[in-house]
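The next block holds one structure in the form of C-alpha cells; read it before the comments.
The values are calculated or read from the model by the stated rules, or taken from the named source; none is laboratory data. Not measured: the values here are computed from a predicted model. Backbone-built Cβ (ideal geometry, glycine too); neighbour counts: all protein chains shown. Accessible surface areas use protein heavy atoms only, side chains included; no ligands, DNA or RNA. Shrake-Rupley method; radii C 1.70, N 1.55, O 1.52, S 1.80 Å.
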Amino acid sequence: MPTSSETLTEARRLRDLFAAKGAQVIKADVLQSADTLLDLYGEDIRARAYLTSDPLRGEMVLRPDFTVPVVQMHMETQADPARYTYSGKVFRKQESDETRANEYVQVGYEVFDGLDPAGADAEVFAAIAEALDGLPVRAATGDIGILMAAVRGLRTSEARKAALLRHIWRPGRFRALMKRFGSGQVPPARAALLAADDPFAGAGPDIGRRSKAEVEARITALRADAATAPIAREEMALIDAILGLRETATNVLSALRDIAVDMPAIGDAVARLGARLEALGDKGVDVAALEFEGSYGRTSLEYYDGFVFGFYAADRPDLPPVATGGRYDALTARLGQGRAAPAVGGVIRPDLVRGLR
C-alpha cells in the first residue's frame with residue numbers, strides 16, 4: 001500500500017526532532033527471523049504477523065514493530081547510555097476490521113539508560129509529548145510493574161504466581177484465575193481425575209503430541225495446585241484496588257502508598273512511580289493533571305514491564321492511539337542472554353498526526 005508524501009514528510013520531521021535530541025538514526029530489516037520475534041510478542045501480535053518461509057533463513061516475518069530489532073542491535077554494541085530513532089513501515093494483519101491499516105509508518109524514540117531509569121521514562125514521554133504539541137490529544141499512563149510486584153508478593157505458590165504473571169496481559173483470563181485461586185474450589189471433572197488412583201485407567205491408546213510423562217507431570221502439578229490454600233480475601237481486594245485505580249497520577253501515587261502499607265511487596269515499584277512523577281515534573285509535564293489507570297497497558301505488547309503510556313485523539317475515540325510506549329527492561333535481559341540494559345521507548349504514527357492537524 002503506497003504511503004502519501006505528506007505522511008513521509010511528517011515522519012521525517014518527527015525523526016529529525018528525535019535526532020536533534022541526540023538519538024542515532026538507525027534502520028531495521030523489513031524481514032526478521034520469526035523464531036526470535038514471535039516468542040517475544042503477545043498473542044494479538046503473533047496472530048496478526050505476516051509469515052513467510054525462506055529456503056536458507058527459515059521462517060521469516062514482516063516486522064510487526066521496531067523495538068525488538070532495535071534491542072538486538074543495541075545489545076551487540078553494549079553502549080550505555082544510548083538513544084535511537086527510526087522511521088519505517090510495520091505490518092499487521094487485520095482479520096475483523098478492514099478499515100484498520102495493515103501496514104503503516106512508525107517513528108520511534110528509544111532510550112537505553114541504566115543509571116537513571118526515572119529520568120529516561122520522563123525523557124521519552126516528554127519527547128513524544130513535544131512532538132505532538134498543539135494537537136488535540138490526551139495522555140494516559142500506567143505501570144505494569146506495580147501489578148507484577150503485587151502478584152509476586154501474594155502469599156501463594158510460585159506456580160500460581162507464574163500463571164498470573166503469564167496472563168497479566170489478558171485481563172479476562174487473569175480475573176478468572178484470581179477468582180479460581182481465591183475460591184479454593186476445584187472443578188468437579190478435575191477433582192474426579194485427581195482423586196483417581198490411576199488417572200490413565202480406561203484412557204485408551206496414546207494420541208496427540210504430549211507424551212505420557214508430560215501428562216503425568218501435568219497431573220502432579222494439578223494435584224499440588226488443588227492442595228494449595230486459597231489466596232486471602234484481603235490480598236484479592238488489594239489486587240482489585242490496584243486494578244481499579246483511575247485518577248490523576250499524583251492522587252494514584254497517594255493511594256498506592258496507602259495500599260503498600262498492607263502490601264509491602266509493591267513498595268519499590270511505588271517508589272519508582274514517585275521518582276518518575278518527579279522527573280516528569282522536572283520536564284515540564286503537569287503531573288497533577290496526568291491520567292493514570294491501574295489496568296492501563298494490559299492489552300498491549302507483552303514485553304512492557306514498567307511504565308506504559310499512550311496519546312489518543314481527544315475527540316476521535318474511533319482512532320487507534322496516536323502514540324504509545326513503555327519500559328521493557330526484561331526484554332533487554334532476554335535478548336542480552338542475561339545482560340540487561342534498562343530501556344524505554346515510544347512510537348508515533350505520522351499518518352494519524354497529519355490527520356489531526
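Positive end of the charge dipole of the chain (Lys, Arg +1 and Asp, Glu -1 on Cβ, about the Cα centre): tell me which of Ser157, Ala20, Phe125 has its Cα farthest that way.
Ser157
Kindly write out, for region 134-147 in residue order, the coupling ³J(HN,Hα) from the Karplus curve 6.51 cos²θ - 1.76 cosθ + 1.60 (θ = phi - 60°), rounded to whole Hz, with x marking Gly and Pro.
Per-residue couplings from phi come out as x, 8, x, 10, 10, 9, 10, 9, x, 7, 4, x, 5, 5 Hz.
About its Cα centre, how strong a charge dipole does the chain have in debye, to the nearest 20, once Lys and Arg get +1 and Asp and Glu get -1 at the Cβ?
620 debye
Could you give each residue of region 65-79 its phi-based ³J(HN,Hα) in whole Hz, using Karplus coefficients 6.51, -1.76, 1.60 with θ = phi - 60°, and x for Gly or Pro?
6, 9, 4, 4, x, 5, 4, 4, 5, 5, 5, 6, 7, 6, 6
Quick check on the chain: what does the Kirkwood estimate of hydrodynamic radius come out to from the alpha carbon pairs, in Å?
Answer for the chain: a Kirkwood hydrodynamic radius of 22.3 Å.
For region 158-231, which whole-number percentage of the solvent-accessible area (1.4 Å probe, protein heavy atoms only) is attributable to carbon and sulfur atoms?
Using a 1.4 Å probe with all protein chains present, region 158-231 comes out at 56 percent carbon and sulfur.
So for each of 26-34, 269-277 I average, over its residues, the number of other beta carbons within 10 Å; can you give me the resulting order with the highest mean first?
Highest mean packing first, the order is 269-277, 26-34.
Any idea how far the Cα center of region 163-194 sits from the one of region 319-338, in Å?
Cα centroid to Cα centroid, the span is 28 Å.
Of Phe66, Ser33, Gly345, whose Cα points farthest to the positive end of the dipole of the chain (charges on the beta-carbon: +1 Lys, Arg; -1 Asp, Glu; origin at the Cα centre)?
Ser33
Work out from phi, with θ = phi - 60° and the Karplus expression 6.51 cos²θ - 1.76 cosθ + 1.60, the ³J(HN,Hα) of each residue of region 238-251, listed in order in whole Hz, and give x for Gly and Pro.
With coefficients 6.51, -1.76 and 1.60, one gets 5, 4, 4, 5, 5, 5, x, 5, 7, 7, 5, 4, 5, 5 Hz.
As a test of the formula, what do you get for the chain when each DSSP H run with n ≥ 4 contributes -39,500 (n - 2.57) and the sum is divided by the residue count, at 222 nm and rounded to the nearest 500 deg cm²/dmol?
Taken over the chain, the calculation gives -13500 deg cm²/dmol.
Could you pull the Rg and Dmax for region 87-202, using just the Cα atoms, both in Å?
Over region 87-202's Cα set, Rg and Dmax evaluate to 22.4, 70 Å.
Taking Lys212 as the anchor, which aspartates and glutamates have their alpha carbon closer than 18 Å to its alpha carbon, excluding any fewer than eight residues away along the same chain?
Within reach: Asp197, Asp198.
Debye sum, Cα scatterers, region 158-231, no solvent: what log₁₀ I/I(0) at q = 0.18 1/Å?
Calculated log10 I(q)/I(0) at the listed q: -0.85.
Quick one: which residues, 5 or more positions from Met60 or on another chain, have an amide H under 5 Å from its amide H? H modelled 1.01 Å from N in the peptide plane, none for Pro or chain starts.
Ala34, Thr52, Ser53, Asp54
Just want to confirm a number: the relative contact order over region 158-231, from Cα pairs under 8 angstrom separated by 6+ residues, in percent.
Reported relative contact order: 43 percent.
For a quick check: with amide H placed at 1.01 Å from N, whose amide H comes under 5 Å from Tyr104's, ignoring anything fewer than 5 positions away on the same chain?
Amide H neighbours of Tyr104, under 5 Å, 5+ apart: Val90.
With springs only between Cα atoms under 10 Å apart, run a GNM on the chain and tell me which of Glu234, Glu278, Glu302 wobbles the most.
With Cα springs under 10 Å in the chain, the top fluctuation among Glu234, Glu278, Glu302 is at Glu234.
Mind checking which lysines have their Cα closer than 19 Å to the Cα of Lys283? Skip sequence neighbours fewer than 8 apart in that chain.
Output for Lys283: Lys21.
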